[in-house]
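Since the structure comes first, as structure tokens, the remarks are kept for the end.
The values are calculated or read from the model by the stated rules, or taken from the named source; none is laboratory data. Remember, predicted model here, so these are calculated numbers, not experimental data. Cβ: placed from backbone, ideal geometry, glycine included. Neighbour counts: every protein chain shown. What goes into the accessible areas is simple: the full protein's heavy atoms, side chains included, and nothing from ligands, DNA or RNA. Shrake-Rupley method; radii C 1.70, N 1.55, O 1.52, S 1.80 Å.
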Amino acid sequence: MIAIIDYDSGNIGSVSKAFEYIGEKPVVTRDVETILSADKVVFPGVGSFGDAMDKLNRYGLVEVLRKVADSGTPLLGICLGLQVLFEKSEESPGVEGLAILPGKICEIPKDGIHKIPHMGWNLLEFPRESALFKGIQDDSYVYFVHSYYLQAADENIVAATTEYITHIHAAVEKDNVFGCQFHPEKSGDVGLQILKNFVEM
């Protein structure tokens with residue numbers, strides 16, 4: 001069973017429909033026992049870092065997510081869900097993230113040419129082999145919507161990168177914990193293959 005975490009801060013409908021499209025029957029929930037008993041857990045998100053952490057604390061989901069990460073159950077953070085897996089963000093100074101993975105979230109620098117937020121299709125490059133991107137070619141395009149980006153403290157967990165004004169860590173993979181800054185549920189066939197790869201882990 002795939003549990004999609006509902007904390008009033010996600011693009012939950014489109015994520016759920018994408019999994020249904022590939023033949024799965026995800027459960028959208030914030031029930032602790034359902035999440036901890038799931039075979040896979042998906043953690044989407046849209047909005048601000050601080051607001052997300054406030055809602056996770058309000059619903060008692062902070063320790064639940066840490067337990068999922070520690071349990072070995074595959075966990076996939078999407079967009080803001082990826083960002084909150086890390087320690088802190090320039091978007092919300094003083095707010096602690098889940099700190100499941102080491103690193104920080106930085107504001108995309110303004111260059112007077114490119115638009116912020118970064119919104120649209122960008123290609124991925126893969127610095128190493130990754131279970132999440134099995135069968136996906138370098139320079140595949142995926143869909144981004146974000147104003148902040150990940151700087152992982154450990155380059156070894158970076159599974160995909162992209163360039164937009166700066167060098168962006170676009171996806172991470174460490175043991176059972178995965179994250180995508182982009183939206184696989186909005187990234188066509190490439191995105192669906194990423195979700196299939198996650199399901200098959």
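So the values come out like this:
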| item | result |
| --- | --- |
| Extreme residue, positive dipole direction of the chain, given options GLY179, SER140, ILE35 (C-beta unit charges) | ILE35 |
| Binned Cα-Cα distance frequencies in region 133-175 - 10 Å width, integer % | 23, 57, 20 |
| For the chain, with +1 on Lys and Arg beta carbons and -1 on Asp and Glu, the positive-most of HIS118, VAL95, TYR21 along the dipole | TYR21 |
| Per-residue SASA entry for LYS104, accessible area with 1.4 Å probe, Å² rounded to 10 | 90 |
| Rg/Rh for region 1-112, where both radii come from Cα atoms and Rh is the Kirkwood radius | 0.98 |
| Entries of LYS110/LYS134; LYS67/LYS104; LYS40/LYS186 with Cα pairs more than 28 Å apart | LYS110/LYS134 |
| Label-point separation in nm, MET119 to ALA99, each point 7 Å along Cα→Cβ | 3.5 |
| GNM top mover of LEU82, LEU56, LEU123 - the chain, alpha-carbon springs below 10 Å | LEU123 |
| Apportionment of accessible area to carbon and sulfur, region 1-102, percent (1.4 Å) | 46 |
| DSSP bridge orientation in the chain - percent antiparallel, rounded to nearest 5 | 60 |
| Residue of ASN122, ASN156, ASN176 that the Gaussian network model of the chain assigns the largest fluctuation, springs spanning Cα pairs under 10 Å | ASN156 |
| Dipole magnitude of region 58-196, debye to nearest 20 (Cβ charges: Lys/Arg +1, Asp/Glu -1, about Cα centre) | 380 |
| Point-charge dipole on Cβ atoms (K/R +1, D/E -1) for region 22-129, about Cα centre, debye to 20 | 120 |
| Residue-normalised accessible area of region 85-200, given per residue in Å² at a 1.4 Å probe | 48 |
| Label-point separation in nm, GLU107 to ASP70, each point 7 Å along Cα→Cβ | 3.5 |
| Rg in Å to one decimal, and Dmax rounded to a whole Å, for region 86-188 via C-alpha atoms | 13.4, 40 |
| Two-site label geometry, TYR21 and GLU200: point separation in nm, points 7 Å out along Cα→Cβ | 1.8 |
